[in-house]
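Notes for the one structure printed next.
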Amino acid sequence: MSLHDDVEEILLDSETVANRVSELAAELTADYAGRDPVLVSVLKGALVFLADLMRAMDLPSSIDLMEVSSYGGTATESSGLVRIMKDLSASIADEDVLIVEDIIDTGLTLNYLLRYLWERNPASIRICCLLDKPARRLAEIPIDYIGFTIPDRFVIGYGLDYDERYRNLPYIGVLKPSVYGGAPPEG
Ligand code: PRP
């Protein structure tokens, strides 16, 4: 039994993802030339993308990690309220912040986070996300760098999970319905 047996379809294979990550990194390296951005990621889904992206960027950048949790399970959808479980480790005042996210879905997490980060007086904030799923957007988010725009399907792999599993799949795929039983999960 392999983890791959649970995958119905590969949406983006690992080579496609790697090529796009290299392109994004080259774009960021050019755009941030002469600057020293702080890459801010939200645990846990963005970890794999962050790890690959930062190694392909030829810049003197630093990283900081946050962890957020929605009030009441999946309530980001209904309330948009987000609780900070782990805050930034250092000040971002006067820094160029690049938010690195794995996926933007409803946009509610980033909508909150953007306001939260702007209150800390950074010089700039830009957003780089690997996957954009515009079909479910509830809050408008200004995304500066997008890896792929994807259809409204529940995706796993390359950091993204279902019930904390499948994050270590090297590609982005869709699970077999038999894995979750019934209707596909939201998100
Ligand atoms: C994912 C993703 C974003 C958020 C986007 O995290 O990493 O932070 O959801 O969704 P939204 O646009 O609808 O707000 P998730 O809550 O699945 O946690 P994880 O990163 O630990 O898997």
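Here, each number is a calculation from the coordinates, and none is a lab measurement. Model, not experiment: these values are computed from the prediction. A quick note on method: Cβ atoms are made from the backbone with ideal geometry, for glycine too, and the neighbour counts reach across all protein chains shown.
Put in order of Cβ neighbour count within 10 Å, fewest first, the listed residues 13, 96, 163 become 163, 13, 96. Helix 47-56 axis versus longest C-alpha principal axis of the chain: approximately 50°, rounded to the nearest ten. If one takes the longest principal axis of the Cα atoms in the chain, at what angle in degrees, from 0 to 90 and to the nearest 10, does the Cα axis of helix 14-31 lie? Orientation of helix 14-31: about 10 degrees from the principal axis.
Tally Lys and Arg at +1 and Asp and Glu at -1 over the other residues with C-beta under 14 Å from the C-beta of residue 87: what net charge comes out? It works out to a net charge of 0.
Using the Kirkwood radius over C-alpha pairs as Rh, can you work out the diffusion coefficient of the stretch 90-187 via Stokes-Einstein at 37 °C, viscosity 0.692 mPa s, in µm² per second?
Roughly 222 µm²/s, to the nearest whole number.
What the phi angles of the stretch 169-176 give under the Karplus curve with 6.51, -1.76 and 1.60, with θ = phi - 60°, is a coupling list of 5, x, 10, 10, x, 10, 6, 5 Hz, glycine and proline written as x.
What is the helix-to-structure angle for 108-118, meaning the angle in degrees between its Cα long axis and the longest Cα principal axis of the chain, kept from 0 to 90 and rounded to the nearest 10? Roughly 10 degrees, rounded to the nearest 10.
Placing unit charges on the Cβ atoms only, positive for Lys and Arg and negative for Asp and Glu, gives the chain a dipole magnitude near 340 debye about its Cα centre.
How compact is the stretch 1-143 by the rule of thumb for globular proteins, expressed as Cα Rg over 2.2 N^0.38 Å?
That ratio works out to 1.09.
Using the Cβ of residue 176 as centre and a radius below 11 Å, the other residues enclosed give a net charge of -4, where K and R count +1 and D and E count -1. Using the Cβ of residue 25 as centre and a radius below 13 Å, the other residues enclosed give a net charge of -3, where K and R count +1 and D and E count -1. Note on 27, 119: ascending count of other Cβ atoms within 10 Å places them as 119, 27, the fewest first.
Note on 106, 29: ascending count of other Cβ atoms within 10 Å places them as 29, 106, the fewest first.
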